[in-house]
Amino acid sequence: ALFEDYLSCFVCSETFRDPVSLSCNHSFCSSCLQTFWKQANNRNCPVCKRRSSKDIFVNFGLKQLADSFAGRQKSGSSETEKGEKTLQVVCSKHQEEPKLFCEDEQRAVCPVCDFSLHQSHKVVPVEQAVRELKEQLESDLKSLQDKRNKYKQVEETYDDVIQHSKKQLVSTERQIRAEFNKLHQFLKEEEESRLAALREEEEQKEKTISREMKRIQQQISSLSDSISAVEDQLQKDNVAFLSSYKDTQTRTRTQSSVSDPQLVSGALIDVAKHLGNLSFRVWEKMKDKVHFSPVILDPNTAEGWLYLSDDLTRGGDTEQQLPDNPERNTKYTNVFGSEGFSSGRHSWEVEMGDLPVWSVGLVKESVDRKGELKASP
């Protein structure tokens, strides 16, 4: 009996398992001591209450004696044997498996020494507490699973948004290039037209000047002949001069009576006509080539069965695979305008074509785009 007491743990009163010795030379099961310290919230010896200031280690000599006494063989695990039931220690003094659970303190209680402390608390059997707590945890698990599914759904929607954005990039780039190609073509044609008009005016002015130059040159030639004739006449002797001067004088006076030459006005190119307000005049002409729509439909709000035209002003009924972004209508075949207003009076003309059923109206930006809509009136 003395030897058995020597090999018994003060805490659990059982033969040592992995015994550890403190500086005060008292020994305990390693797990019993750790549990006792945790519950006592200190590192005092359970027997003499002296504080242990150093780390504890297994006393292998005492362990060998205890294992031999208890008939335990040395094996890998010294805590529990294979097939041996593990008890969850609740109390450091009583190795009783917990049978009661205090709902007020949310912990299992020792049926021997703790029960009196919980008489005013709500205490239920452990099995009932475990069942109810598992039901709560299963409910929490379902909430977590539902939350994860929602996050996965949003993740999938973001993937759809990314893919759709790439398609939008390609399509929008193509349409922008097409629109600017039209403008570039118009500007190129307008440039060629105005350059052609400039060259035509220059050619006409050159012809006019050439014609005037030819007439002037003819007059110069005629006057030069007359001058030479007069100069020759002045060189003749008296008899010859008197016999022929009359004809020379008549010819000279006839040519002298001709009006002096005048420069033709408008001989220069009318630069002001070609350059004046050029950009504005081209812009005014361009206005006739482009179309303005007071309402631009927002493709990001269109329901899957609504297919919008390239200029975002008309709709069709071709089904598309579109992401379920927050702006999109999914309950009804609707599409919203891209711009809103907060005041003023507004009116529109809408071409409905031969559609048998249609509706046009105004909505608040905060409208539920995924649920029911009620038209009023």
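No lab work stands behind these numbers, since they all come straight from the coordinates. What you see is a predicted model; the values in this text were computed from it and never measured. We place every Cβ from the backbone using ideal geometry, glycine too, and count neighbours over all the protein chains shown.
Choose one of 220, 329, 244: the residue whose Cα lies farthest towards the positive end of the charge dipole of the range 187-334 (beta-carbon charges +1 Lys, Arg; -1 Asp, Glu; about the Cα centre).
244
Dipole magnitude of the range 1-76 about its Cα centre, charges +1 at Lys/Arg Cβ and -1 at Asp/Glu Cβ only, in debye to the nearest 20?
Details: 10 positive and 6 negative charges, 73 e Å.
Dipole size: approximately 360 debye.
Tabulate in residue order the Karplus-calculated ³J(HN,Hα) for the range 160-165, using 6.51 cos²θ - 1.76 cosθ + 1.60 with θ = phi - 60°, rounded to whole Hz; enter x for Gly and Pro.
4, 4, 4, 5, 5, 4
With θ set to phi - 60° and the Karplus curve 6.51 cos²θ - 1.76 cosθ + 1.60, what are the ³J(HN,Hα) couplings of the range 290-300 in order, to the nearest whole Hz, using x for Gly and Pro?
Each residue's phi maps through the Karplus curve to give 10, 10, 10, 10, x, 10, 10, 6, 9, x, 6 Hz.
Mind checking the range 330-377 for trypsin sites (Lys or Arg not before Pro) that DSSP puts in a loop (not H, G, I, E or B) and that have at most 15 other Cβ atoms within 10 Å?
When the trypsin sites (Lys or Arg not before Pro) of the range 330-377 are filtered for loop state and at most 15 Cβ neighbours within 10 Å, 331, 345, 364, 370, 374 remain.
Scale the Cα Rg of the range 1-76 by the rule-of-thumb value 2.2 N^0.38 Å and send over the ratio, two decimals. Please list the in-between numbers first.
On the way: Rg = 12.2 Å, N = 76, 2.2 N^0.38 = 11.4 Å.
Relative to the 2.2 N^0.38 Å estimate, the range 1-76 comes out at 1.07.
What does the net charge come to around residue 205 if you take all other residues with beta carbon closer than 14 Å to its beta carbon, with K and R at +1 and D and E at -1? Before the final figure, lay out the partial values.
Values: positive: 199, 207, 211, 273; negative: 200, 201, 202, 203, 206, 212, 270.
Result for the neighbourhood of residue 205: -3.
Are there chymotrypsin sites (Phe, Trp or Tyr not before Pro) in the range 248-307 that DSSP marks as loop and that have at most 15 other Cβ atoms within 10 Å, and which are they? Display every interim value, and only then the final one.
Numbers: sites: 280, 283, 292, 305, 307; in loops: 292, 305.
For chymotrypsin sites (Phe, Trp or Tyr not before Pro) across the range 248-307 that sit outside H, G, I, E and B with at most 15 neighbouring Cβ atoms in 10 Å, the list reads 292, 305.
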